[in-house]
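Chemist: Take this structure first; my questions come after.
Computed from the coordinates by the stated procedures, all read-outs in this text should not be read as laboratory data. Note that the structure is predicted; figures quoted are calculated from it, not measured. All Cβ positions, even for glycine, are placed from backbone atoms using ideal geometry, and neighbour counts span all protein chains on display.
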Amino acid sequence: MKKSCIVVPEILLPQPFVDLSAWAVIACDQHTSDREYWNKLQQYVGDRPSTLYLTLPEVYLGDEDCSDRIDRIRETMQDYRRKHIFRKLPSGFILVRRTTPYQAMRTGIVLAIDLEEYSFAPNETARIRATEATIVERIPPRLKIRQAATIEFPHVLLLYEDPDDRVLKTIFQQELQPLYDFDLNMQGGHVTGSLISNSRAVVEVLDRLEKNGVLFMVGDGNHSLATAKTSWDIIKKTLSEQEREYHPARYALCEAVNLYDPGIVFEAIHRIVKGVNPQQFLDGFMPEGEGKGSVYIDGVKTSVAMPYEVPAAVFSVDQYIAGFISTHGGSVDYIHGEDALRTLTRQEKDCVGICLPKMNKSELFSQVLAHGCLPRKTFSMGESEEKRYYIEGKEIHL
């Protein structure tokens, strides 16, 4: 019988005395052009224990003090361990139910996966597969953070196909032990977590969903999981075969969600090109096709044609942006939400916003299986506020 790619982990949660409303913060790859968001979050959290001090928001990646921030993350992890901030749960999964201002409910399962069963290489087959092209240049700074850390906090969302909802039916037949129930900061909604009593039964049902050699596709956090894989590939070279089997860095904590969950809604990820002459950019921007997109300059929207297939539209836009920047300079960032895109172009006069169409989620597995990885940042699962908040952790170095 084939070994499962799913592992039942020992999950870390903060002790009951920790204020969870300050502990949980949004994924580090959000609001990368909005320092004000992170400033407000910093003011709210203050000196309370928080995953804000255990992760590195990517808005700071280009700052001169980035290395100092990474050092502080390592020191804070050690400090939290000394102060016994963490408690280790019995081996098991956590059922997570999340409501947001946009969706009534999203239900997921926090579990661990075997990184030996995952690949982000475009032409490789694996039971856990990347959905978008991985930019290898983005891995080194993330790798530096992970190699300095003893605990991981996941924002990776894995998707599985379960149209009959067999997995959750199995879970709801069991006794569930409540673990947390609180409001998330910064308009993130509300979240509850419960320990699943019989995780092995859940593994059996999930494993039966494997189709065409694939069980999971990465919905969010492609680069974070690619970093975990890269780190493990480095570590395992120093280990014996027996040590490789049980080393905690081999297993990555993720949240798995049914693609057909009503709380999973695909949204477009828009582009903003900064430090450019907007009219010069627009003069050469002439995508063609039966699809629809739009461009924002100074907050004003102009409709443009684009290829009908969303991956093709994303590819053509990114290709033009890359060519323009190589010739004229500038930089590109990725924005969730059309309102945010409009606001940013109104605030910054030397930028252009490109509003892309959104992909139908039912096409994800078939598109990736047929054509390989999609262009990076082809889709987002929901708005920024709906992204995963860091709550649970897992040891990756003892």
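Chemist: So what is the 222 nm mean residue ellipticity for the chain from helices alone, if each DSSP H run of at least 4 adds -39500 (n - 2.57) and you divide by all residues, rounding to the nearest 500 deg cm²/dmol? Could the numbers behind the result be given before it?
Modeler: On the way: 12 runs with 123 residues, N = 398.
-9000 deg cm²/dmol, from helical runs alone.
Chemist: Please order L215, L89 by the number of other Cβ within 10 Å, starting at the fewest.
Modeler: Numbers: L215 25, L89 16.
Least crowded to most crowded, the residues run L89, L215.
Chemist: Another one. Short version: ³J(HN,Hα) in whole Hz for each residue of region 91-101, in order, from phi by Karplus 6.51 cos²θ - 1.76 cosθ + 1.60 (θ = phi - 60°), x for Gly and Pro, what are they?
Modeler: 3, x, 9, 10, 7, 10, 10, 10, 10, 9, x
Chemist: Evaluated at 37 °C with a viscosity of 0.692 mPa s, what Stokes-Einstein diffusion coefficient in µm²/s does region 36-128 have when Rh comes from the Kirkwood expression over alpha-carbon pairs?
Modeler: Once the numbers are plugged in, D ends up at 191 µm²/s.
Chemist: Just one of (i) 1.29; (ii) 1.20; (iii) 0.96 is Rg/Rh (Cα atoms, Kirkwood Rh) as worked out from the coordinates here. Which one is it?
Modeler: Step by step, Rg/Rh (Cα atoms, Kirkwood Rh) for this structure corresponds to label (iii).
Chemist: Calculate how large, on average over all directions, the projected area of the Cα convex hull of region 315-398 is; give the answer in nm² to one decimal. All intermediate terms of the calculation are to be shown ahead of the outcome.
Modeler: On the way: hull surface 36.8 nm².
Average of the hull's projected areas for region 315-398 equals 9.2 nm².
Chemist: Per q in 0.24, 0.25, 0.26, 0.33 Å⁻¹, report the Debye log10 I(q)/I(0) for region 233-279, using one uniform scatterer on each alpha carbon and no solvent.
Modeler: Cα-only, vacuum Debye calculation for region 233-279: -0.91, -0.95, -1.00, -1.18.
Chemist: Out of the GluC sites (Glu not before Pro) in region 250-323, which ones are loop residues according to DSSP with at most 16 other C-beta atoms within 10 Å? Don't skip to the end; give the middle numbers.
Modeler: Details: sites: E255, E267, E288, E290, E309; in loops: E288, E290, E309.
Hits after loop and neighbour filter: E288, E290.
Chemist: How about region 53-90: which GluC sites (Glu not before Pro) there lie in a loop by DSSP and see at most 16 other Cβ atoms within 10 Å?
Modeler: Those satisfying the criteria are E64.
Chemist: Select from region 150-247 those GluC sites (Glu not before Pro) which occupy a DSSP coil region and have at most 16 other Cβ atoms within 10 Å, ordered by residue number.
Modeler: Taking region 150-247 and a limit of 16 other Cβ atoms within 10 Å, the loop GluC sites (Glu not before Pro) found are E175, E210.
Chemist: Tell me the volume per residue, in Å³, of the convex hull enclosing the alpha carbons of region 149-201.
Modeler: Details: hull volume 8.3 nm³, N = 53.
Measuring per residue, one finds 156 Å³ for the Cα hull of region 149-201.
Chemist: Spelling out what I want: for every residue of region 234-244, take phi, set θ = phi - 60°, compute 6.51 cos²θ - 1.76 cosθ + 1.60 (Karplus), and round to whole Hz; glycine and proline get x.
Modeler: Those phi angles translate into 6, 5, 5, 5, 9, 10, 6, 4, 5, 5, 4 Hz.
Chemist: Here's another thing I want to ask about it. Once the convex hull of the alpha carbons of region 269-357 is built, what does its volume come to per residue, in cubic angstrom? Please report the intermediate quantities before stating the final value.
Modeler: On the way: hull volume 6.6 nm³, N = 89.
Cα-based convex hull of region 269-357, divided per residue, equals 74 Å³.
Chemist: Local charge sum around D339 (other residues, Cβ-Cβ under 13 Å, Lys/Arg +1, Asp/Glu -1)? Let's see the in-between values first.
Modeler: Numbers: positive: K301, R342, R346; negative: D34, E267, E338, E383, E385.
It works out to a net charge of -2.
Chemist: What Kirkwood radius, in Å to one decimal, follows from the Cα pairs of region 137-263? Walk me through the numbers before you get to the answer.
Modeler: Numbers: mean 1/r = 0.0587 Å⁻¹.
For region 137-263, inverting the mean 1/r across all distinct Cα pairs yields 17.0 Å.
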